[in-house]
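Novice: Before we start, here is the structure in question, set down as structure tokens.
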Amino acid sequence: MKKFLVSASIALATLTLLVVPGMARSEADHVGKPAIEINAKKWLNTSPLKLSALKGKVVVVEFWATWCGPCRASIPHLKELNAKYASKGLVLVSLTDEAASVAEPFVKQNAMNYAIGTDSTTSNDYGVTGIPHAVVIGKDGKVAWEGHPMSGLDQAVEAALK
């Protein structure tokens with residue numbers, strides 16, 4: 001019986017890590033360290049972006065997909081965040097691993113008027129295992145915060161902009 005309970009506990013812990021939205025495998029490893037460069041094969045609403053060119057600005061990198069319900073639910077919040085803080089130095093970048101042919105109609109339909117990168121592998125570089133997931137990068141180019149965009153993102157952006 002003990003062996004079964006230990007096995008069940010390990011299985012439950014593993015399952016929890018896989019399904020908790022917005023969690024990264026090594027979230028604590030990124031905060032305070034230089035941000036990992038972003039990539040995308042195609043950019044929507046912007047010319048190609050590089051974090052190295054955005055030093056001095058606060059950048060939110062958000063990982064999402066068109067099929068993700070919680071990602072869809074966070075879009076109005078991200079649009080509000082962008083509208084509120086873009087003039088204060090915030091750059092919002094949403095990255096998806098989906099092809100531009102899938103993402104572009106969705107972006108237009110949902111009036112996502114911020115930078116969108118498609119066919120991106122950056123989520124792998126950050127160890128993202130659940131979406132939506134956001135990373136706030138401070139003016140110094142270091143990761144200031146990571147987590148679910150509907151839980152603490154606003155406060156992290158406000159703190160980074162100060």
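The values are calculated or read from the model by the stated rules, or taken from the named source; none is laboratory data. These figures come from a predicted structure and were not determined experimentally. Note that we place each Cβ from the backbone using ideal geometry, even for glycine, and neighbour counts take in every protein chain shown. Heavy atoms of the whole protein, side chains included, go into the accessibility calculation; ligands, DNA and RNA do not. Shrake-Rupley method; radii C 1.70, N 1.55, O 1.52, S 1.80 Å.
Novice: Before I look further, what does region 65-162 give for accessible area per residue, probe 1.4 Å, in whole square angstrom? Walk me through the numbers on the way to the answer.
Specialist: Numbers: 4150 Å² over 98 residues.
That works out to 42 Å² for each residue.
Novice: If ligands, DNA and RNA are left out, what is the accessible area of residue 42 with a 1.4 Å probe, given in Å² to the nearest 10?
Specialist: Solvent-accessible area, nearest 10 Å²: 80 Å².
Novice: So, in nm, how far is label residue 121 from label residue 39 when the simple model puts each one 7 Å beyond its Cα toward the Cβ?
Specialist: 0.4
Novice: For residue 142 and residue 102, what is the calculated FRET efficiency with R₀ set at 25 Å and r taken between the beta-carbons, to the nearest 0.05? Could the numbers behind the result be given before it?
Specialist: Numbers: r = 32 Å, r/R0 = 1.30.
The formula returns an efficiency of 0.15 here.
Novice: Related question: For residue 95, enumerate residues with amide H under 5 Å from its amide H, sequence gap 5+ or separate chain, H modeled in the peptide plane.
Specialist: Result for residue 95 returns 62, 63, 64, 117.
Novice: Next question. Can you compute the charge dipole magnitude of region 59-148 about its Cα centre, using +1 on each Lys and Arg Cβ and -1 on each Asp and Glu Cβ, nothing else charged? Give it in debye, rounded to the nearest 20.
Specialist: Details: 7 positive and 9 negative charges, 85 e Å.
Here region 59-148 has a charge dipole of around 400 debye.
Novice: So what is the relative contact order for region 72-162, in percent, with contacts set as C-alpha pairs under 8 Å and at least six apart?
Specialist: Working: 93 pairs, mean separation 22.8, N = 91.
About 25 percent, as a whole number.
Novice: Probe radius 1.4 Å, ligands and nucleic acids ignored: give me the carbon and sulfur share of the accessible area of region 67-162 as a rounded percent.
Specialist: Values: 2130 of 4130 Å².
Solvent-exposed carbon and sulfur of region 67-162 make up 51 percent of the total.
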